[in-house]
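The values are calculated or read from the model by the stated rules, or taken from the named source; none is laboratory data. Please read these numbers as outputs of a predicted model, since none were measured by experiment. We place every Cβ from the backbone using ideal geometry, glycine too, and count neighbours over all the protein chains shown. Side chains are part of the model used for accessible areas, which takes the heavy atoms of the whole protein and leaves out ligands, DNA and RNA. Shrake-Rupley method; radii C 1.70, N 1.55, O 1.52, S 1.80 Å.
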Amino acid sequence: MGIVEEAHNVKVLGSGEKTIVLGHGFGTDQSVWKQLVPYLVDEYRVVLYDNMGAGPTNPDYFDFDRYSSLEGYAYDLIAILEELQIDRCMYLGHSLSAMTGVVASIFRPDLFSKLILVSASPRFINTDDYYGGFELEDIEQLCQAMEANYKSWVSGFAPLAVGGDMNSVAVQEFSRTLFSMRPDIALSVFRTVFTFDLRHYLSRVTVPCHIIQSSMDVAMPVTVSEYLHRNLGGKSIVEIISTEGHLPHLSAPEATIPVLLRHISLDITAHASSSLGK
């Protein structure tokens, strides 16, 4: 195993001709895909990895400067693909990793046949002409709460993000992976995710994009997915699914997995555009 693979706990499963790479969002790790992976391994080569800073990674490897922007995560993704000698893949990313895939596809479009973007937002903070879902003051208050008492913050944030009470399996699982992060690293990643502005990148994306979002997501309004669809430079399609929360693959796998599998197999470049595609 190479240095990059080891640092990111890379796992390669299945032996299909096509490769699909799964990237997790803030506060989770590669285990968040455990209910999807069994549906993929018979047909695809499946690559799983942990973002630097996730609980299972070595916190000593987390470079606060490098990961203060999504470019650092994008370079990591490209390094993983190069070390595994993957010439081309489908990339399925959630939230932070969805936008990581967007940035990586601009740097190296040759590596990606499509991007499947779950709960993807180019900016979470509102501006005069853009509604991302949060005011800057909201993010600052959340960061202050994280600094003051991380355990208490997780107890409030996890059910809010997932969409459920603290006793639900999904909320408990999200809480577990949040608690596995070192609090100062969690704060740094959270601040990066919720304060970035990647809108200027969108027109440079040429890889086909499949945009998937819950109909009820406290972290972002559905208009964000429509914004992505309108502003991405390449072909894209949007599907809003009748689920609640920012992590539908964790909170509602029975509804989300069939949608993901359909988009994995769907080639939007070969289909006539519809009301959802361009």
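When segment 185-204 is limited to residues that are out of contact with any Pro (no Cβ under 8 Å at 6 or more places or on another chain) and of a type in the set (A, V, I, L, M), the one that is most open to solvent (accessible area, probe 1.4 Å) turns out to be L187.
From the list V41, V37, V21, V4, the lone residue that is touching a residue at least 60 places away in the same chain (Cβ under 8 Å) and surrounded by fewer than 21 Cβ atoms within 10 Å (Cβ to Cβ) is V4. Test Y73 against the stated conditions and say whether it is at pLDDT 95 or above, more than 27 Å from T223 (Cα to Cα) and open to solvent by less than 10 Å² (accessible area, probe 1.4 Å). Answer is no for this residue. Criterion applied to D76, D87 was being touching a residue at least 12 places away in the same chain (Cβ under 8 Å) and farther than 27 Å from G132 by Cβ, and the one residue passing it is D87. Summed over segment 80-120, the residues that are of a type in the set (V, I, T) and assigned to a loop (DSSP other than H, G, I, E, B) give a count of 1. The requirement of being under 15 Å from the mean Cα position of the chain (by Cα) and open to solvent by 10 Å² or more (accessible area, probe 1.4 Å) is not satisfied by L266. Note on segment 222-275: residues that are among the basic types (K, R) and over 21 Å from V205 (Cα atoms) total 1. Each residue in segment 168-184 was checked for being of a type in the set (G, A, S) and either crowded, with 19+ Cβ neighbours inside 10 Å or closer than 20 Å to A98 by Cα (or both), and 2 pass. Checking every residue in segment 54-67 against the condition of being of a type in the set (F, W, Y), in contact (Cβ under 8 Å) with a residue 60 or more places away in the chain, crowded, with 16+ Cβ neighbours inside 10 Å and more than 24 Å from S214 (Cβ to Cβ) gives at least one match.
This table checks each residue for (1) of a type outside the set (A, V, I, L, M, F, W, C); (2) modelled with pLDDT of 95 or more; (3) farther than 23 Å from Y131 by Cα.
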| site | (1), (2), (3) |
| --- | --- |
| S168 | yes, no, yes |
| R204 | yes, yes, no |
| S215 | yes, yes, no |
| L232 | no, yes, no |
